[in-house]
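Asker: Could you have a look at this structure, given as structure tokens, before my questions?
The values are calculated or read from the model by the stated rules, or taken from the named source; none is laboratory data. Quick caveat, the model's predicted, so the values are computed rather than measured. Note that we place each Cβ from the backbone using ideal geometry, even for glycine, and neighbour counts take in every protein chain shown. Heavy atoms of the whole protein, side chains included, go into the accessibility calculation; ligands, DNA and RNA do not. Shrake-Rupley method; radii C 1.70, N 1.55, O 1.52, S 1.80 Å.
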Amino acid sequence: MAAIEKTDHDVVHSEDIETHSPTNSTVVDETKAEYEGVRDERTTPKAWLCIFFLVMTFGSPFWATPTTAAMSSQLLTQLGQVELSAWVVPCITTCATISILIFGANSDLFGRRYFLLSANLVTAVGYIVCACAHNTSMLIAGLSLNGFGSGMAGVALIAVPELIPNKYRHIGVVLADGFVYVMIIIGPVVGRYAIIRSDHRWQYVYWGGFVFTMVAFTGLFIFYQPPKHPRGVPWREAVRGLDWVGAILFTIGAILVLVGMVYTSYIPATDKRVIICLVVGFGLIIAFGLWERFSSVRFPLCPEEIFSSHKGREFAVPFCLTFIIVGFFYGTAVIYPTMLNAFYIDANTSISTQLLLTLPANLALPLGAMLLVIFGRKIGHWKITMIASTFSLVLFGTLLAMMTPYNKVTMITFVTLSQLSYGWAAYLSVTYTQLGVPQTMLGLSGGLAGTARYAGGAVASACYSSAISNGIAKKGAELIPKAALAAGIPQSSMAAVSAAASLGAAALEKIPGVTPQGAEMVGTAYKYAVAYGLRNAALASMAFGVVGIILACFNEDIGPKMNEKIETFLENDALAEKNKFH
């Protein structure tokens, strides 16, 4: 089966078969016949309507992430169990990492429809649990369901582009994130306003997500009828050939690794919980890789042939590049808000100013994606633009290492340019992964690319958070006592001063012997300690970035693959007969 699919891929995507294989007349004739009716193919109004609901489905789980992140500190104070704050966002990415690989890959066997409908239902239940949460554990449970639904909804990232011509594949990838852009921009604003009062108004944030999700579910249920067998395999046969062992190994291994990395953000890396999680988790991931490579399972989650195709340059390189680009992006995503809270926002900063400061990063990302949509095809030279956007991302992201507590304009400029570059690089890398496999394995591509996105973010967030916290602790232990002694603060208050340094001037002035001038000096020392920690994170991101630039240079040019062909048509719409499998 795998051999047949690989041959189909070479036929569909190789533009020079006729030139270099003139003796293979049968293959050439089949290729010509396959594309004979391409001029009649079009994206119908019903397909566009389904695209709209697919975009809603992909975006609906994401609403919980920016809103919860914006109000998490105040919300957890209301709900209690503040010690669980480190799990609020990682619980989403951990669950999404697992579900997107398993369900994305198997959507090739069982169709996209039921996975996407299930994604909406799981997400809706998650929002209900979050809205009804009366403690932090319940909130995290709801967010975990949300993350699980988010991974399943990742199938939409492949379902949207396959309904439009291949030449617009990059636009389809960007379009799938359409509602995500809106949520990135307005989510932090809504979250901050919702938590201002202590009247449980924050619950409406999650009820809003529930309504949005159910609208998406209803639209897909009525209109979206894609092929039931995208890979041409009967369901019973698919069930018998499922990669059950691989799914179990990957699920347990990924959970343990990601949990271990979250642990490192608030307990020492030498703690036995960290070591056990990471050692056992990575052991299972290695076992998963060996199983995928050497087992005889019929429908593996990671088929060896797509990774080895064209010596890895067709899919393996773009897959690794996607992981690295997202990992680098999370460096900026962690550094910038930490910078804002430590340097530019205090108790006297107005809400309007706080919200304004969130816009440079939040607006630059979708702007970069829009530039890809508008100019990507006009510029062409896809490999060159992939290298250029990756280089720009790495350059401006690494330049954040120049930060001090007082070069605000420069840092905001670098953040904006880095996020702008990410908007182009991230979606182009996903386009590469989608065009690096045959259509019958597009779900596998989407599942693996989605895993790279979520896992890259989870791994990077843990690394950056550890670099920042360790840097602050190291430099703070050096600078804060010196500043306190210089300000005339007695030695007996030193421990209290070090503990309160991150809480601001009001907390410091409550300590015996601390004057307003002393509080200001200690606060300044703490800011420089934060700058040191953030600088460490920015420099650490360079390791991701340099590897990413090298990988971008090994990509193939995808220009010949971006043709007029539409890969999938709705079964309840015109042109359904053009589907290869039904």
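Asker: Answer with yes or no whether V530 is open to solvent by 40 Å² or more (accessible area, probe 1.4 Å), under 35 Å from the mean Cα position of the chain (by Cα) and either among the aliphatic types (A, V, I, L, M) or in the same structural domain as I345 (by the TED database) (or both).
Answerer: Against the criterion (open to solvent by 40 Å² or more (accessible area, probe 1.4 Å), under 35 Å from the mean Cα position of the chain (by Cα) and either among the aliphatic types (A, V, I, L, M) or in the same structural domain as I345 (by the TED database) (or both)), V530 does not qualify.
Asker: In the stretch 259-293, which residues are under 24 Å from the mean Cα position of the chain (by Cα) and open to solvent by 80 Å² or more (accessible area, probe 1.4 Å)?
Answerer: Y266, F282, I286
Asker: Being of a type in the set (G, A, S) and free of Cβ contacts under 8 Å to residues at least 60 places away in the same chain is the filter; apply it to the stretch 533-582 and report the residue that is most open to solvent (accessible area, probe 1.4 Å).
Answerer: A543
Asker: Being under 20 Å from N341 (Cα atoms), crowded, with 16+ Cβ neighbours inside 10 Å, of a type in the set (A, V, I, L, M, F, W, C) and out of contact with any Asp or Glu (no Cβ under 7 Å at 6 or more places or on another chain) is the filter here; which residues of the stretch 476-523 pass it?
Answerer: L479, I480, V497, A500, A501, A507, L508, M521, V522
Asker: With L435, L428, L399 as the choices, which residue is open to solvent by 20 Å² or more (accessible area, probe 1.4 Å) and at pLDDT 90 or above?
Answerer: One residue alone meets the criteria, L399.
Asker: I'd like the full set of residues that are in a helix (DSSP H, G or I) and without any contact (Cβ under 8 Å) to a residue 60 or more places away in the chain, limited to the stretch 506-525.
Answerer: A507, L508, E509, P516, Q517, G518, A519, E520, M521, V522, G523, A525
Asker: Sticking with this structure for a sec: Taking only the stretch 412-425 into account, find how many residues are hydrophobic (A, V, I, L, M, F, W, C), open to solvent by 10 Å² or more (accessible area, probe 1.4 Å) and closer than 21 Å to L340 by Cα.
Answerer: Residues flagged as hydrophobic (A, V, I, L, M, F, W, C), open to solvent by 10 Å² or more (accessible area, probe 1.4 Å) and closer than 21 Å to L340 by Cα within the stretch 412-425 amount to 4.
Asker: Among the numbered criteria (1) at pLDDT below 90; (2) more than 22 Å from L442 (Cβ to Cβ), which single criterion is violated by R231?
Answerer: R231 satisfies all of (1) at pLDDT below 90; (2) more than 22 Å from L442 (Cβ to Cβ) except (2).
Asker: List the pairs whose first member sits in the stretch 479-498 and is β-branched (V, I, T), whose second member is open to solvent by 70 Å² or more (accessible area, probe 1.4 Å) and assigned to a helix (DSSP H, G or I), and whose Cβ atoms are under 9 Å apart, counting only residues at least 6 apart or on separate chains?
Answerer: Filtered contacts from the stretch 479-498: I489/M521.
Asker: Also, quick follow-up: On the given criteria, is S296 surrounded by fewer than 23 Cβ atoms within 10 Å (Cβ to Cβ), small (G, A, S) and in contact (Cβ under 8 Å) with a residue 40 or more places away in the chain?
Answerer: For S296, the condition - surrounded by fewer than 23 Cβ atoms within 10 Å (Cβ to Cβ), small (G, A, S) and in contact (Cβ under 8 Å) with a residue 40 or more places away in the chain - is not met.
Asker: Six or more apart or on different chains, Cβ atoms under 6 Å: show the pairs whose first residue is in the stretch 231-248 and more than 13 Å from S296 (Cβ to Cβ) and whose second is modelled with pLDDT of 90 or more and exposed (fewer than 14 other Cβ atoms within 10 Å of the Cβ).
Answerer: none
Asker: Testing P405 on (1) surrounded by fewer than 24 Cβ atoms within 10 Å (Cβ to Cβ); (2) not in a loop (DSSP other than H, G, I, E, B), one condition comes back false. Which one is that?
Answerer: In the conditions (1) surrounded by fewer than 24 Cβ atoms within 10 Å (Cβ to Cβ); (2) not in a loop (DSSP other than H, G, I, E, B), P405 misses (2) alone.
Asker: Out of the residues in the stretch 35-65 that are modelled with pLDDT under 90, out of contact with any helix residue (DSSP H, G or I) (no Cβ under 8 Å at 6 or more places or on another chain) and not β-branched (V, I, T), state the one that is nearest to G457 (Cα to Cα).
Answerer: Across the stretch 35-65, the extreme among qualifying residues is R42.
Asker: With the stretch 60-177 as the region, which helices (runs of 4 or more DSSP H) entirely inside it contain at least 2 residues that are open to solvent by 30 Å² or more (accessible area, probe 1.4 Å)?
Answerer: Once the helices (runs of 4 or more DSSP H) in the stretch 60-177 are filtered for at least 2 residues that are open to solvent by 30 Å² or more (accessible area, probe 1.4 Å), what remains is 64-79, 90-110, 113-131, 136-153, 169-176.
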